[in-house]
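Worksheet: one structure, shown below.
The values are calculated or read from the model by the stated rules, or taken from the named source; none is laboratory data. Predicted, not measured: the structure shown is a model, and the values here were computed from it. Reconstructed Cβ throughout: ideal geometry from the backbone, glycine too, with neighbour counts over all protein chains shown. Just so you know, the surface numbers come from the protein's heavy atoms only, side chains and all, with ligands and any DNA or RNA stripped out. Shrake-Rupley method; radii C 1.70, N 1.55, O 1.52, S 1.80 Å.
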Number of protein chains: 2
Amino acid sequence: MTERIQEFLRARRREGRDNGPCLVVDLDVVRDNYRDFSRALPDTRVYYAVKANPAPEVLSLLASLGSSFDTASVAEIELALAAGASPERISFGNTIKKERDVARAYQLGVRLFAVDSEAEVEKIARVAPRSKVFCRILCDGSGAEWPLSRKFGCAPEMAPRVLELAQANGLIAYGLSFHVGSQQPNPRMWDKALESCANIFRELAERGVYLQMVNLGGGFPTRYLKSVPKVRIYGNAIFRALSKHFGNRLPETIIEPGRGMVGNAGIIEAEVVLISKKSDDDPLRWVFLDIGKFNGLAETTDEMIRYPIRTPVDGAAVGPCVIAGPSCDSVDILYEKTPYELPVSLEIGAKVLIEGTGAYTTTYSSIAFNGFPPLEAYVI
Amino acid sequence: MTERIQEFLRARRREGRDNGPCLVVDLDVVRDNYRDFSRALPDTRVYYAVKANPAPEVLSLLASLGSSFDTASVAEIELALAAGASPERISFGNTIKKERDVARAYQLGVRLFAVDSEAEVEKIARVAPRSKVFCRILCDGSGAEWPLSRKFGCAPEMAPRVLELAQANGLIAYGLSFHVGSQQPNPRMWDKALESCANIFRELAERGVYLQMVNLGGGFPTRYLKSVPKVRIYGNAIFRALSKHFGNRLPETIIEPGRGMVGNAGIIEAEVVLISKKSDDDPLRWVFLDIGKFNGLAETTDEMIRYPIRTPVDGAAVGPCVIAGPSCDSVDILYEKTPYELPVSLEIGAKVLIEGTGAYTTTYSSIAFNGFPPLEAYVI
């Protein structure tokens, strides 16, 4: 919680604009985070994962600081361009693209594309000639709080064929990417993936295909309830792993922080709508907020991300609560399997602060579920 | 699939407007569904659950047919009024309401409110005097495909106290409600809940509080892959249960169909973006569509709702697929635990039709996740 956010929220209340939940993002924190990434990995280019928070002010700040951008769609490419990024600083990092979207990105000047299959290489070869492609490989994301599925990436054994096909079709077989899982608390998880990458570099070099780049992905955590290692610790671990597996022929590297860049820069203010019990002997209180899974807190699915929640009566005696959202949807429950301890003196109408909500909140909001508007957001 | 929807989609393709996924809802099907509900339960008022699909055309049609409306928020109340419903045909059915939203609903003329706690009764008593309230009770929703959590309703033992408090505070203790779970395939599930209701009616009558109404909730299924009983079968089972538990002093009844009213009226057309395998020996193909959990198909969470998917090559040999959405989010997978059989000859770029998507799709769409726009929708 920064002083600037506190002052903003006080003004919002004074002016009576506090009629629904809102996110406030402090750009000073984003600036600090960018600097930390640059210092922790000085030879690595930062591609901010636009999907984490595409607010124009965030993108403009990062563009001015020298960041590049990892994008998931043509709309995100256009946002990055509008924020002042030149097209050579933009990666179209989604491995699932319509051919006409690849063509549009190419028209806009983008020349760096992610792939994980031969079919995707063929699309890019047809409409984005001579572009660079990198192949995403599957890697073990165990330990991550938001572990990734098998959706992105191919088996490491398949990657050489995908990249050879790219080279054979006039594309530049540029490198590899992997992702150790979002909110990854273990800096050593990069080691095994980098070993796979080095093997593929060697295998392809023997066939005359020389890769140049390793995309180290994201995964850098933000602080929720538990402490996480500082980004410097990640930088050191990654540098050691690179040296171990690539010797003195280090590849170009890029990282794609999203949550790690903006997560701790944002705070959501929400309101307690109702506190009730389901029966007289219910050991739990149900605390209903005016924000839930469908208007900003989608990442509480399966209770994976556990946000810190501050109340006006922190410090008082606490008791276990189920926390739920305001919609008429029975799955709109934030924390139930592991109840959340909140002050017993918390009252209906109180404002609570949900910390670490700068990433993956605004754009996840549903457009009008149950008639509730998407999450309001302010960047200061 | 209706002839009108087919013709609409053909025209959309001819005109080159088929650039992203879209939902098409056929009002003729909604009209038939309304008639079926009215005939199946002739003495029961229909309160359409606006959250299922709040398209103005759907609301206007239902208002003109005589439907009443179950709403979750002030915004939904305003939509129902705009569609031509008078306020006495509107129920504010969310048990979680800000006091200022109750006040606004009262200003708009609404006089029927759901509660499940004493705190909610107190809010309504303060700002919506002399209104009718009904208390939602928890009931067993086992067997439902979208089973409800404990989020809404109180233990039946608590309901008399909640309703007595309402009466003591100048409100009209009007009745009870329950919900047997969305997409409930078993018409007999209403029986046990109605037994609870009859007991509460008797208990309160002994204390001089005379309830008048039972809200039978929703739960009426729409047809996805499996056949479901016709609404007439539900009507008969409910009528038998009412007679069994209330004898010849039948209460007023209302139902709140949402999915059952609009689910089968809608079809989503989507496009195959990519088909790939994760490794050479992968027994599964991955089929990526341009629609996923975040732009319309949220109800595939935990693979609960399994939509029928039609392809241009239906009838050809099939093989198992994982089906996933287009976003860079690893949880955006529709069906994986139970793979989906699709034709082996299905190709990238093909259009597929996802049936039974008239309910709980458009408004669940995220506003801009990954830069993808919310689901386009047409009502014809």
For the protein assembly as shown, with only Lys/Arg (+1) and Asp/Glu (-1) charged at the beta-carbon, what is the dipole magnitude about the Cα centre, in debye rounded to 20?
-> 260
Taking 7 Å along the Cα-to-C-beta vector as the label spot, tell me the A:Met304-B:Ala168 distance in nanometres, rounded to one decimal.
-> 4.7
Work out which residues of the range B:303-329 lose at minimum 50 square angstrom of accessible surface when the other protein chains are put back, relative to the chain isolated, with a 1.4 angstrom probe, and list them by number.
-> B:Cys328
Mean residue ellipticity at 222 nm from the helices of the protein assembly as shown, using -39,500 (n - 2.57) per DSSP H segment of n ≥ 4 over the full residue count, to the nearest 500 deg cm²/dmol?
-> -9000 deg cm²/dmol
For the pair B and A, the solvent-accessible area buried on both sides (1.4 Å probe; DNA, RNA and ligands excluded), in Å² to the nearest hundred, is 5500
At most 16 other Cβ within 10 Å, DSSP loop - GluC sites (Glu not before Pro), the range A:4-60 | A:Glu15
Which residues in the range B:255-297 have a backbone N closer than 14 Å to a point placed 7 Å from the Cα of B:Ser345 along the Cα-to-Cβ line?
-> none
In debye to the nearest 20, the charge dipole size for the range B:224-380, taken about the Cα centre with +1 at each Lys and Arg Cβ and -1 at each Asp and Glu Cβ, equals 1000
Only bridges with both residues in chain B count here: give the DSSP antiparallel percent, nearest 5.
-> 40
Report, to the nearest 10°, how far helix B:118-127 tilts away from the longest principal axis of the Cα atoms in chain B, using its own Cα long axis and a range of 0 to 90°.
-> 80
Selection from B:Trp286, B:Val209, B:Tyr378 lying farthest towards where the dipole of chain B points positive, charges on Cβ | B:Val209
Can you find, among B:His245, B:Thr362, B:Ala75, the residue farthest towards the positive end of the dipole of chain B? Put +1 on the C-beta of Lys and Arg, -1 on that of Asp and Glu.
-> B:His245
Over all residues in B:342-349, what is the mean tally of Cβ atoms on other chains that come within 10 Å of each residue's Cβ?
-> 1
With all protein chains present and a 1.4 Å probe, how do B:Arg126, A:Arg150 order by accessible area, largest first?
-> B:Arg126, A:Arg150
For the range B:28-262, the Kirkwood Rh over every pair of distinct alpha carbons, in Å, works out to 17.6
Angle in degrees between helix B:159-168 and the longest Cα principal axis of chain B, rounded to the nearest 10 = 60
Considering only the label points, 7 Å along Cα→Cβ from Cα, what distances in nm to one decimal separate A:Leu65 from the same position in each other copy, shortest first?
-> 5.5
So the carbon and sulfur contribution to the accessible area of the protein assembly as shown, 1.4 Å probe, in percent, is 51
Describe numerically, in nm with one decimal, the distance between label points set 7 Å from Cα along Cα→Cβ at B:Tyr210 and at A:Asn248.
-> 9.8
In debye, nearest 20, what is the charge dipole magnitude of chain A about its Cα centre with +1 on Lys and Arg Cβ and -1 on Asp and Glu Cβ, if you could check?
-> 1080
For B:Met304, inter-copy label distances in nm, listed shortest first [label point 7 Å out on the Cα-Cβ vector] | 1.8
Using a 1.4 Å probe and ignoring any ligands, DNA or RNA, find the accessible area of A:Arg111 and quote it in Å² to the nearest 10.
-> 100
DSSP-assigned coil residues among trypsin sites (Lys or Arg not before Pro) in the range B:173-223, each with at most 11 further Cβ atoms within 10 Å = B:Arg207
Too long at a 22 Å Cα-Cα cut-off: which of A:Lys51/B:Lys151; A:Lys277/B:Lys123; A:Lys97/B:Lys51; A:Lys51/B:Lys293; A:Lys51/A:Lys97?
-> A:Lys51/B:Lys151; A:Lys97/B:Lys51
Stokes-Einstein D for the protein assembly as shown at 20 °C, 1.002 mPa s, Kirkwood Rh over Cα pairs, in µm²/s?
-> 78
Expressed per residue, the solvent accessible area of the range B:67-155 in Å² (1.4 Å probe) is about 32
Accessible area per residue, 1.4 Å probe, Å², for the range B:260-377: what's the number?
-> 29
So the angle from the long Cα axis of helix B:27-40 to the longest Cα principal axis of chain B, reported in degrees to the nearest 10, equals 40
Compute the label-point distances linking B:Glu341 to its equivalents in the other copies; points lie 7 Å from Cα along Cα→Cβ; give nm, one decimal, shortest first.
-> 5.3
Could you compute the FRET efficiency for B:Asn199 and A:Asn199, with r as their C-beta to C-beta distance and R0 at 56 Å, rounded to 0.05?
-> 0.20
